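Peer 1: Okay, handing you the structure first.
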Amino acid sequence: MDSRLRKRVIMASVAIILLIFILVFYSNADHKRHKDGTLQQTTQDVTEETKQTDVNQENDAENDLSAFLKDNTFFDEEINPVLEAAKNQANRLSLATTSVEKDLRIQVLDKDGVPVTGESFYVRLDSDDDNKKLGDYKDLDQDGIIYIGELDSGEYYVELLPIEGYKVPVNETRVKVKDKVEYLAIEDISLLIKTEDEVDAEAEDSSVQDALEDADRTELKKLQAAGGRSKVGIDVSKWQGEIDWDKVKNAGVEFAIIRAGYRGSVTGSIVVDPYFHANMKGAASAGIPVGVYFFTQAVNEVEAVEEASAVLKLVQPYQLDYSIYIDTEGAGGNGRADGLDVATRTLVCEAFCRTVENGGYDAGVYASRNWLNNNLETARLDNYDIWLAEYRSVPLYQGYYQMWQHTSKGKIDGIEGNVDLNIAYE
């Protein structure tokens, strides 16, 4: 055998040996064939794969947001304490109490701090004096508020009586009834402020401008050219609808008094004007200085403090350059405050203004000439800005005033329909 042939034989032998080695290696690997040709795993592989499957299933369960639906016991409150605790929390009630002067307002709140309506809640009031029981009081109109008047000043205990479907506070609430009004803003007044969606706005918002009855044909219906330090402006409310404040600014308006809200003529609800926030933002965006006013139907000092507190709450996000005015006028003869005597109406205005000033703002009173002459003790209001409504070319009012509303039939570019026009004297 020559050398070349010998090399070929040796190489072929090595290749055969290597092939046999590979076949033996794979035949002894972790996998081997059944007689029917299927693949059989080793015990170790089966164990490891089972463990991995369990882990994957656990991860899938954690990521499956609907997994609780497969649990037949999930909605069983006796078995699932988490669900029971959540239900108790959802129906848990609390009390908020306020006293202005020998009175007590109790508000029943849900877990979000909102008055609960549609339920006839009862509260029990006990005096701290020898634990004297004064009686039970019911939320008659089911608005979540119970008002108790004509109380002696001092310490009291309030208990919310059990009611089906709710968790009431376990302990009594200790409260203090004030002896005299302090003319300070009520902290939780926001709970009393409603929107027009919550009231019968047509019945509640029923102010009647007394100045119209006193008007003559000489009233100035155009924006006047103010001289010196005087400014010309407008006052607006929901009755003007949407306003183009840039056009108003370009028309020469130098300030605006914007209605914050009103107290309802029928129920006495405190209602925010639906255009208040839009008007405040629009005027500010156009660079027009603003003040605000509130139409009152308060029948006593306590309610006047409430109204002032509501306005102070509403104006918090905004910059004011003019006063906060209480608008005192009639509501067609049927308003809850239409029949007030002169002394009481004056006290209402004073209480409003003092509360506003204690809140850090200037205060004023808006009224017609007849109203100022016949329904208010103006001497007691000298410390506040007077905003006179008298629709004639030259006012007949003999008292002092800082602002004059000279017409309710003004026309201004940017406002559809009529608008009140004013001159402010500074």
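The values are calculated or read from the model by the stated rules, or taken from the named source; none is laboratory data. In this text, all values refer to a predicted model and were calculated from it rather than measured experimentally. Neighbour counts are summed over all protein chains in view; Cβ atoms, including those assigned to glycine, are modelled from backbone coordinates with ideal geometry.
Peer 1: Answer with yes or no whether Lys176 is part of a strand (DSSP E or B), closer than 23 Å to Thr355 by Cβ and over 25 Å from the mean Cα position of the chain (by Cα).
Peer 2: yes
Peer 1: Which residue, of Leu381, Leu347, Leu388, is without any contact (Cβ under 8 Å) to a residue 24 or more places away in the chain and of a type outside the set (S, T, N, Q)?
Peer 2: From the options Leu381, Leu347, Leu388, the qualifying one is Leu388.
Peer 1: Right, next: Test of understanding: among Asn334, Asn373, which residue is over 19 Å from Gln297 (Cβ atoms) and not basic (Lys, Arg)?
Peer 2: The conditions single out Asn373.
Peer 1: Given the conditions (1) over 30 Å from Cys353 (Cβ atoms); (2) among the aliphatic types (A, V, I, L, M); (3) crowded, with 16+ Cβ neighbours inside 10 Å; (4) more than 24 Å from the chain's Cα centre (by Cα), which single one is not true for Leu161?
Peer 2: Going through (1) over 30 Å from Cys353 (Cβ atoms); (2) among the aliphatic types (A, V, I, L, M); (3) crowded, with 16+ Cβ neighbours inside 10 Å; (4) more than 24 Å from the chain's Cα centre (by Cα) one by one, Leu161 breaks only (3).
Peer 1: Consider Phe294 carefully, then state whether it is crowded, with 24+ Cβ neighbours inside 10 Å and modelled with pLDDT of 95 or more.
Peer 2: yes
Peer 1: Moving to a separate point now. Residue by residue through segment 244-293, note down the ones that are in contact with a Gly (Cβ under 6 Å, 6 or more places away or on another chain) and of a type outside the set (Val, Ile, Thr).
Peer 2: Within segment 244-293, Asp244, Trp245, Lys247, Glu254, Phe255, Ala256, Ser265, Asp273 meet the criteria.
Peer 1: Restricting to segment 181-230, and then to whatever is part of a loop (DSSP other than H, G, I, E, B) and of a type in the set (Ser, Thr, Tyr), can you tell me which residue is surrounded by the fewest Cβ atoms within 10 Å (Cβ to Cβ)?
Peer 2: Across segment 181-230, the extreme among qualifying residues is Thr218.
Peer 1: Do we have any residue at all in segment 106-115 that's modelled with pLDDT of 85 or more, farther than 17 Å from Lys176 by Cβ, aliphatic (A, V, I, L, M) and assigned to a strand (DSSP E or B)?
Peer 2: Yes, segment 106-115 contains at least one residue that is modelled with pLDDT of 85 or more, farther than 17 Å from Lys176 by Cβ, aliphatic (A, V, I, L, M) and assigned to a strand (DSSP E or B).
Peer 1: Whether any residue in segment 145-160 is closer than 18 Å to Lys194 by Cβ, assigned to a loop (DSSP other than H, G, I, E, B) and modelled with pLDDT under 90 is what I want to check.
Peer 2: No, that holds for no residue.
Peer 1: Out of all the residues in segment 121-137, is one or more assigned to a loop (DSSP other than H, G, I, E, B) and either modelled with pLDDT of 90 or more or within 16 Å of Ser94 (Cα to Cα) (or both)?
Peer 2: yes
Peer 1: Would you confirm whether or not segment 373-393 contains a residue that is small (Gly, Ala, Ser) and within 22 Å of Lys178 (Cα to Cα)?
Peer 2: Taking every residue of segment 373-393 in turn, none turns out to be small (Gly, Ala, Ser) and within 22 Å of Lys178 (Cα to Cα).
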